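Input: a single structure, listed below in structure tokens.
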Amino acid sequence: MRNRATAAGWALAVVVALSACRPVAVEPPAAAPAEPPVARSPAELEQVFAAAIEQLVRSGGDTVRLDRFDATDEHVAVLANIERLRVVRIDGGKLTVAAAEHFAAMPHLEQLHLRNVALDDAFIEALVASRSLWLLNVAAAEISPSAVERLAEMPPLRQLRLAVPGGDNGFAAAVAAIRTLRSVHLIGIAVTDAGLQELATLPQLQSLYLDDTEISDQGWVWLFENRPGLHVHIDQKHHDRDPQRH
């Protein structure tokens, strides 16, 4: 059975061959329907990783997607050798500061989607060194408002999707500190009227998606009076007063 080190070494050899491929923009695939978790052996996971690398070779693409995966820092180290990568989507695993440093150093990385990936404040604090990332999607991570606020140090950041079950208004205040944001989606965070008013101070905000909030009717009335052109979704649906409702 091929072990993880051998598979990672093979993938790295494939990465070297990528230098001869012409970059071609490849849009990320549409989200697949939710599927029940499937247990995979380490060997099976490495086959998934090798297949993803092989797909990059065949397509000359700039997007990699690892669904229901067990990502490690070593996998990210291999991905970091693919200079043209623009979009990385990972569902599952555990990543540390080492992985964040690799992501931050990737010169063309624009979108990073991390779902069900264990990471902490130190990961976020290392990631802020990126100067190309404009979309960050982090779901189900153990991070604090103070780490989120550090994302204000990323000048290109325009879109933030953040899922923190049990989060409170502290996250709304932290997000409001990221003044470059144009689109915000918060999930599992109990934003109140006060938190909504914090978010409304974002000067370039165009789109606001909020799930699981504690905002009152009066809070929504205040928002649309003070930000009348804002595109708003609440619990996955257009708000009744959304000017862009269709």
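The values are calculated or read from the model by the stated rules, or taken from the named source; none is laboratory data. Being a predicted model, the structure only gives us computed values, none of them experimental. Positions of Cβ are generated from backbone atoms using ideal geometry, with glycine treated the same way; all protein chains shown enter the neighbour counts.
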At pLDDT 95 or above, under 22 Å from Asp67 (Cβ atoms) and assigned to a strand (DSSP E or B): does that describe Leu112? yes
Only one of these conditions is not met by Ile82: (1) out of contact with any helix residue (DSSP H, G or I) (no Cβ under 7 Å at 6 or more places or on another chain); (2) in contact (Cβ under 8 Å) with a residue 40 or more places away in the chain. Which number is it? (1)
Tell me, which residue of segment 186-205 that is polar (S, T, N, Q) and either under 22 Å from the mean Cα position of the chain (by Cα) or part of a loop (DSSP other than H, G, I, E, B) (or both) is farthest from Gln218 (Cα to Cα)? Gln204
Is segment 55-75 home to any residue that is assigned to a strand (DSSP E or B) and of a type in the set (Gly, Ala, Ser)? yes
Reported set for segment 51-108 where residues are surrounded by fewer than 18 Cβ atoms within 10 Å (Cβ to Cβ), more than 20 Å from Arg131 (Cα to Cα) and among the β-branched types (Val, Ile, Thr) is Val57
Scanning for something assigned to a strand (DSSP E or B) and crowded, with 16+ Cβ neighbours inside 10 Å, does segment 164-180 turn up at least one residue? yes
Looking only at segment 131-152, how many residues end up being surrounded by fewer than 20 Cβ atoms within 10 Å (Cβ to Cβ), modelled with pLDDT of 95 or more and not in a helix (DSSP H, G or I)? 6
Go through the residues of segment 36-49 one by one and say whether even a single one is outside any helix (DSSP H, G or I), over 20 Å from the mean Cα position of the chain (by Cα), basic (Lys, Arg) and modelled with pLDDT under 90. yes
Residues located in segment 117-129, provided they are touching a strand residue (DSSP E or B) at 6+ places or on another chain (Cβ under 8 Å) and either surrounded by fewer than 17 Cβ atoms within 10 Å (Cβ to Cβ) or part of a loop (DSSP other than H, G, I, E, B) (or both): Ala118, Leu119
What do you reckon, is Leu186 out of contact with any Phe, Trp or Tyr (no Cβ under 8 Å at 6 or more places or on another chain), surrounded by 13 or more Cβ atoms within 10 Å (Cβ to Cβ) and modelled with pLDDT of 95 or more? no
